[in-house]
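The values are calculated or read from the model by the stated rules, or taken from the named source; none is laboratory data. Just so you know, these numbers come straight off a predicted model, no measurement behind them. Note that each Cβ is placed from the backbone with ideal geometry, even for glycine, and that neighbours are counted across all protein chains shown. These accessible areas exclude ligands, DNA and RNA; they are computed on the full protein's heavy atoms, side chains included. Shrake-Rupley method; radii C 1.70, N 1.55, O 1.52, S 1.80 Å.
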Amino acid sequence: MARKVSGEATIAELKELETLLMQFPELQYAFTIVGDISTVNSANGFTPAEEEQLASEGMDRMNLFLQQEQEVPAVKRIIPWRVLTGIAATVAILVITFAVWPVTPRKQAFRNEVVTKTGSKTTVVLPDGTSVILNACSRLQYDATRFLNGEREVSLTGEAYFDVKHDPAHPFIIQSGKVNIRVLGTIFNVKAYAEDATVETTLLSGKVEVNFPDNDADGSRKTTQLEPGQKLIIGQLNTKPSTENKQHSFSITPIKTIAGTDNTVAEKPATAWVNDRFDFDNVTFEQLSHDLERWFNVTLRFKNDKYKNEVFTGAFRKQSIEDVLQALQLMSGFHYEVNTKENVIYIW
């Protein structure tokens with residue numbers, strides 16, 4: 001792309017680029033950006049007002065592009081190494097674009113985003129050195145520029161394991177729906193999926209302060225501190241409070257440890273997923289179904305609601321979804337059918 005814009009591309013390269021743009025039309029937007037960059041003057045050539053306008057227009061175009069990308073259904077395909085090289089170059093160009101177009105940070109504007117798909121997890125290191133492991137179907141948003149300025153704030157949807165870089169002068173804040181978590185440096189796990197009935201914060205070391213709604217009627221909030229080895233479970237965040245009980249239910253419980261077998265090390269159910277172990281403790285089948293869907297990339301549907309309230313405790317590692325269902329079936333007696341065409345499992 002850059003060679004064409006600069007007039008240095010050979011005839012063979014021009015034909016190859018044309019073919020790639022026809023094969024992958026989503027790259028056309030990146031090519032447009034490359035062309036725009038080639039016409040941009042040096043930073044000294046713009047007034048502050050012009051720089052701000054350019055930055056605003058650029059961010060609007062980028063946000064529109066990202067929104068369009070999210071609406072496109074995922075299609076698996078093998079990408080040649082030449083295309084991967086082009087995509088990598090495009091990413092580098094976009095990063096450079098943010099560098100040469102200075103933008104004034106705005107509160108609540110998260111410009112960086114990491115998303116994991118069903119059945120996968122990923123690790124990201126934030127600009128301050130904080131390490132985050134994202135579980136399946138999770139989204140972490142942050143602003144790298146604000147991080148470099150000491151504003152350590154992220155937004156989380158889903159589940160993540162945090163190892164926060166210690167910095168007493170700059171608290172680390174996590175926004176997850178209506179829950180805010182404030183830390184100075186610690187290791188903990190947050191589980192906050194939109195479809196789950198609870199938000200869970202599990203503290204392994206250090207100290208965290210959790211702020212959450214106490215009463216939706218008057219907008220009051222509650223703040224509590226966790227000690228190492230404690231889990232905070234907040235319920236009913238997505239439901240309207242009744243007239244009899246307007247407060248959100250919450251509880252602080254000690255972290256349970258499931259003993260390992262043979263020579264394996266004992267693990268804590270709340271964070272075992274980091275080591276590819278699927279653990280669950282005293283949860284209903286309905287609650288467990290959400291984790292199974294995210295973990296195994298399937299959809300579970302109950303034909304008989306009575307099994308939704310069955311309670312299970314267990315642990316699996318590297319077993320298939322059918323292995324898990326067969327083990328649960330022995331304890332409960334339900335029946336199931338796997339529709340491989342629709343990727344749906346029916347429970348009755």
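Tabulated results
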item	result
Residue count, the stretch 207-224 (criterion: in a loop (DSSP other than H, G, I, E, B) and either at pLDDT 90 or above or of a type in the set (D, E, K, R) (or both))	3
Qualifying residue in the stretch 311-331 (condition: over 23 Å from Asn275 (Cβ atoms), open to solvent by less than 30 Å² (accessible area, probe 1.4 Å) and not polar (S, T, N, Q))	no
Selected residue (criterion: farthest from His170 (Cα to Cα)) from residues of the stretch 126-145 that are of a type in the set (D, E, K, R) and touching a Lys or Arg at 6+ places or on another chain (Cβ under 8 Å)	Asp143
Close pairs from the stretch 168-193: first under 13 Å from Leu232 (Cα atoms), partner charged (D, E, K, R) and at pLDDT 90 or above, Cβ under 7 Å, at least 6 apart	Val190/Glu159; Lys191/Glu159; Lys191/Glu200
Cβ-Cβ under 8 Å pairs, at least 6 apart or on other chains, the stretch 289-308 side in contact (Cβ under 8 Å) with a residue 12 or more places away in the chain and of a type in the set (Phe, Trp, Tyr), far side exposed (fewer than 15 other Cβ atoms within 10 Å of the Cβ) and part of a loop (DSSP other than H, G, I, E, B)	Trp295/Gly119; Phe296/Gly119; Phe296/Ser320; Phe302/Trp348; Tyr307/Trp348
Residue within the stretch 144-152 that is free of Cβ contacts under 8 Å to residues at least 40 places away in the same chain and within 30 Å of Asn309 (Cβ to Cβ) present	no
Failed item, numbered, when Gly177 is tested on (1) open to solvent by 10 Å² or more (accessible area, probe 1.4 Å); (2) touching a strand residue (DSSP E or B) at 6+ places or on another chain (Cβ under 9 Å); (3) at negative phi	(3)
Tally, over the stretch 274-299, of residues that are assigned to a strand (DSSP E or B) and polar (S, T, N, Q)	3
Condition check for Thr299: surrounded by fewer than 16 Cβ atoms within 10 Å (Cβ to Cβ) and hydroxyl-bearing (Ser, Thr, Tyr)	yes
First in the stretch 132-143 and farther than 16 Å from Glu200 by Cβ and of a type in the set (S, T, N, Q), second anywhere and in a strand (DSSP E or B) and open to solvent by 10 Å² or more (accessible area, probe 1.4 Å), Cβ under 6 Å, 6 or more apart	Gln141/Glu113; Gln141/Ser155
